[in-house]
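Here's the structure we're looking at; comments come further down.
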Amino acid sequence: MKNIRESLYLACFIFSGLFFIGCSTPAPEPVPYPVHEAELLEATAINVMEAGNWKASEETWGEVARKYALLDRRDRQAIALHNQSYSAYRNGNYESARALASEAASINLQGSEWWKNQILLLQIEQKTSQESRQKRMEELLSLAETSNLEEKETALWVLLQNEYGSGLLREGSADKANAVIHRALEKVNAVDRSTAWALNSNLAETEEALGRYDAALTSWNKLLEEAKELADPELIATALAGQGRCLWGLGRDYEAIMILQRAAKNFQWLGMEKESSELFELIEQYMIKSAVPRESNVMHIDTKTADSEVGQ
Amino acid sequence: MALNDLTPQLRTQMDRVEKWVGFFVVIASLIALGAMSYYAYSTAVRKGWTKKKVPYFTLVSSAEGFKVGDPVMLMGFKAGVITAISPNAPGEYYNVTVQFDIWEPYYGYLWNDSDVRLKSGLLGGKTLEVSKGGQSNMDIKLSATYKEEDGKFYVWQDPSGDEKEGKWSSEPIDKNFMGYMLFCYEATDVMKSANDLVNKVSEGLPGVLSLTNKINELLEESTRLMSSAIGTVKELEPIVHNVQAITSILTNQHGGLGEWAIPPEMNKEIVDTLGSVKGTVQTSETNLVMLSQNLNETLVNLAQITSNLREQVQANSYMLSSISSLVLDLDDLVQGLKRNWLLKGSFSPQTNAPPQSVLRPTLGGKR
């Protein structure tokens with residue numbers, strides 16, 4: 001008993017000593033208020049962007065960029081400009097997005113961030129100027145070749161290849177696109193799941209374009225499951241659209257229209273009006289072609305199922 | 001159990017204990033006796049029993065607030081105590097005699113020009129305060145009130161009747177001696193006056209309020225009058241202009257309309273009448289200016305009141321700043337705890353991961 005008490009006293013003594021030693025640890029360097037303010041705003045911008053509030057995100061990233069410019073933190077300013085540019089791109093402000101991405105690129109000059117700026121510029125120019133995009137793509141591919149981007153920055157190289165492949169697909173060179181994306185998929189381990197999903201979806205689209213609907217449908221089914229796992233409503237809607245197109249290609253008109261309507265509704269609820277209206281036009285065309293009564297189809301829409309998809 | 005029944009060892013032990021008990025009792029008794037003696041001595045000192053003392057008395061109008069044993073003060077020191085308070089005969093001018101002793105060495109300060117003043121306490125009690133003498137410019141000879149010779153006290157006798165100078169008493173004072181009389185200045189009781197004042201103010205307050213209400217009404221009326229007066233003045237403005245025009249024409253010396261159409265007498269009368277009209281208008285204008293000036297002063301006073309309010313608010317801001325500093329101190333404390341190796345685990349770790357440039361791959365060639 002006595003030993004236990006002594007041990008307890010000793011333990012208390014040691015802990016008290018350690019506690020007071022701990023208290024005397026020197027204080028960390030205080031963060032200057034303007035830096036702290038910029039960091040807080042940056043955290044807010046990230047949260048807003050993750051929530052998909054692109055309007056607020058564009059404004060907040062603009063403010064962050066301005067604050068970092070005043071603090072002469074060029075690297076962080078470039079990141080803020082890039083993200084502002086991406087937000088503007090999502091808002092449909094392509095010219096503004098292009099200017100911001102160019103400014104970010106002019107700050108970075110080189111390195112992975114510069115590559116990201118360039119890939120974003122490719123995406124923006126896809127909406128604005130195909131010529132510029134073509135030219136930029138050629139330059140970037142050449143530069144990637146010479147700088148051995150595939151080995152040094154594999155993830156960025158995969159992204160670049162994805163852009164290249166999707167561009168080819170858009171131009172109608174499905175076989176070339178298929179080859180490019182196949183090659184990029186060899187390095188899929190270097191990228192995250194979302195990028196891998198994008199590559200696979202583009203590959204599925206090339207399969208569609210090449211008329212291999214069975215293979216494409218299998219891919220889209222798989223992609224839909226993955227999208228549900230990723231809990232990304234945009235990817236779910238994209239996968240549904242792909243499924244619908246493939247089903248139409250396979251002659252399963254009724255199922256195709258049902259699924260396409262679900263996809264269109266999902267895009268609508270996500271606020272992606274352009275994608276939604278494109279799908280509705282497609283549905284209209286299919287309906288005209290198959291002479292399926294429009295009203296009857298609309299009446300059979302399983303809205304609950306559609307809701308649950310977005311909810312996921 | 002009888003002591004004889006105990007064993008020799010126990011008896012020896014008991015004897016020793018008894019000795020200690022006896023010793024303790026003696027010591028305790030001595031301490032108690034000492035304490036009592038000290039208490040008695042300190043009481044005697046406090047009450048002045050050990051000191052030489054001489055008697056005085058004064059005459060006051062009321063015994064209210066006095067009691068026997070109350071201190072008598074001199075220059076802020078307790079110089080003596082009241083020994084007796086007795087009412088005077090009904091025919092006498094003063095109502096009450098207050099007798100008091102003054103201890104040594106304080107009676108040395110009391111001369112025949114010394115006096116007594118009453119000081120009122122907050123709770124209604126009164127204190128006698130005697131003043132130091134020997135420094136005034138009295139006509140009579142200044143002298144100490146008592147002198148001590150061979151352990152006996154002789155009192156100073158101020159001149160009376162035809163005597164020009166005072167003198168020391170031929171016989172020393174005895175126990176029956178009432179004391180040397182000091183004149184008492186019964187200054188106005190400040191508390192009483194304050195109470196009276198408050199009562200009067202309280203009584204008068206409704207009147208003041210009604211007065212302010214009347215002033216308010218007057219101001220409202222004045223404002224109304226002024227607004228209507230302004231209207232009237234505006235209405236009068238063209239008339240005045242016309243009057244001026246007419247008078248200028250009429251007063252035009254040579255070839256004027258007045259001289260030409262109106263007989264000279266009538267012309268003069270008209271001019272005088274119109275002049276008085278102008279004067280009336282000017283007087284009204286002066287009154288209006290005065291009224292507006294008074295209103296302006298009222299507004300200035302109002303502004304002053306609001307500025308005082310603002311000062312109050314500003315004073316409160318100090319309190320706010322104190323609260324703010326308290327919060328900052330608390331934050332410092334928490335920051336300090338965060339640095340402690342033992343406790344820092346309790347706080348969530350900071351995520352300082354730098355932000356990334358967001359880039360999502362393009363989805364499909366259709367879009």
- Pick from A:Thr305, A:Thr238: which is modelled with pLDDT under 80 and in a helix (DSSP H, G or I)? A:Thr305
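Residue by residue, here is whether (1) of a type outside the set (S, T, N, Q); (2) within 14 Å of chain B (Cβ to nearest Cβ); (3) surrounded by fewer than 24 Cβ atoms within 10 Å (Cβ to Cβ); (4) part of a helix (DSSP H, G or I) holds:
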{"residue": "A:Glu208", "(1), (2), (3), (4)": "yes, yes, no, yes"}
{"residue": "A:Thr218", "(1), (2), (3), (4)": "no, no, yes, yes"}
{"residue": "A:Lys222", "(1), (2), (3), (4)": "yes, no, yes, yes"}
{"residue": "A:Glu225", "(1), (2), (3), (4)": "yes, no, yes, yes"}
{"residue": "A:Gln243", "(1), (2), (3), (4)": "no, yes, no, yes"}
{"residue": "A:Leu247", "(1), (2), (3), (4)": "yes, no, yes, yes"}
{"residue": "A:Gly251", "(1), (2), (3), (4)": "yes, no, yes, no"}
{"residue": "A:Ile257", "(1), (2), (3), (4)": "yes, no, no, yes"}
{"residue": "A:Gln261", "(1), (2), (3), (4)": "no, no, yes, yes"}
- Evaluate the following for A:Ala231: is it touching a residue at least 60 places away in the same chain (Cβ under 8 Å) and away from chain B (no Cβ under 14 Å)? yes
- Query: Residue check: is B:Leu118 surrounded by 14 or more Cβ atoms within 10 Å (Cβ to Cβ), of a type outside the set (Asp, Glu) and within 31 Å of the chain's Cα centre (by Cα)?
  - Reply: yes
- Name the one entry in A:Asn178, A:Asn202 that is modelled with pLDDT of 85 or more, in contact with a Ser or Thr (Cβ under 6 Å, 6 or more places away or on another chain) and either away from chain B (no Cβ under 14 Å) or buried (at least 24 other Cβ atoms within 10 Å of the Cβ) (or both). A:Asn202
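For the condition over 31 Å from the mean Cα position of the chain (by Cα) and not in a helix (DSSP H, G or I), what is the one hit in B:Gly80, B:Gly91? Spell out the reasoning first.
On the way: B:Gly80 fails: over 31 Å from the mean Cα position of the chain (by Cα).
Going through B:Gly80, B:Gly91 in turn, the sole match is B:Gly91.
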- Do we find a residue being out of contact with any Lys or Arg (no Cβ under 8 Å at 6 or more places or on another chain), exposed (fewer than 15 other Cβ atoms within 10 Å of the Cβ), closer than 13 Å to B:Trp103 by Cβ and not assigned by TED's automatic domain parsing to the domain that holds B:Gly133 anywhere in segment B:61-83? no
- Only residues in segment A:130-159 that are among the acidic types (Asp, Glu) count as the first member; pair them with residues that are surrounded by 12 or more Cβ atoms within 10 Å (Cβ to Cβ), Cβ under 6 angstrom, at least 6 apart or cross-chain, and list the lot. A:Glu150/A:Trp157; A:Glu153/A:Ser112
- Message: From the list B:Val68, B:Val72, exactly one residue is part of a loop (DSSP other than H, G, I, E, B) and in contact with a strand residue (DSSP E or B) (Cβ under 8 Å, 6 or more places away or on another chain). Which is it?
- Response: B:Val68
- Task: Just need a number here: residues in segment A:64-89 that are surrounded by fewer than 19 Cβ atoms within 10 Å (Cβ to Cβ) and within 14 Å of chain B (Cβ to nearest Cβ).
- Result: 3
- Message: Going through B:Tyr93, B:Tyr146, B:Tyr106 one at a time, which residue ends up being exposed (fewer than 13 other Cβ atoms within 10 Å of the Cβ) and either assigned by TED's automatic domain parsing to the domain that holds B:Leu182 or over 16 Å from B:Tyr185 (Cβ atoms) (or both)?
- Response: B:Tyr93
- Exactly one condition in (1) surrounded by 15 or more Cβ atoms within 10 Å (Cβ to Cβ); (2) modelled with pLDDT under 85 is not met by B:Leu123; state its number. (1)
- Scan segment A:187-201 and give yes if some residue there is under 23 Å from A:Ala101 (Cα atoms), in contact (Cβ under 8 Å) with a residue 40 or more places away in the chain and within 15 Å of the chain's Cα centre (by Cα), otherwise no. yes
- Across segment B:33-53, the tally of residues that are modelled with pLDDT of 90 or more and of a type outside the set (Gly, Ala, Ser) stands at 5
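Going by what's in this entry, would A:Ala196 be described as within 12 Å of chain B (Cβ to nearest Cβ) and crowded, with 24+ Cβ neighbours inside 10 Å?
On the way: within 12 Å of chain B (Cβ to nearest Cβ): yes; crowded, with 24+ Cβ neighbours inside 10 Å: no.
When the stated conditions are applied, A:Ala196 does not pass them.
The values are calculated or read from the model by the stated rules, or taken from the named source; none is laboratory data. From a predicted model like this one, the values you see are computed outputs, not experimental measurements. Ideal geometry is used to build each Cβ from the backbone, glycine not excepted, and the neighbour counts take in all protein chains shown.
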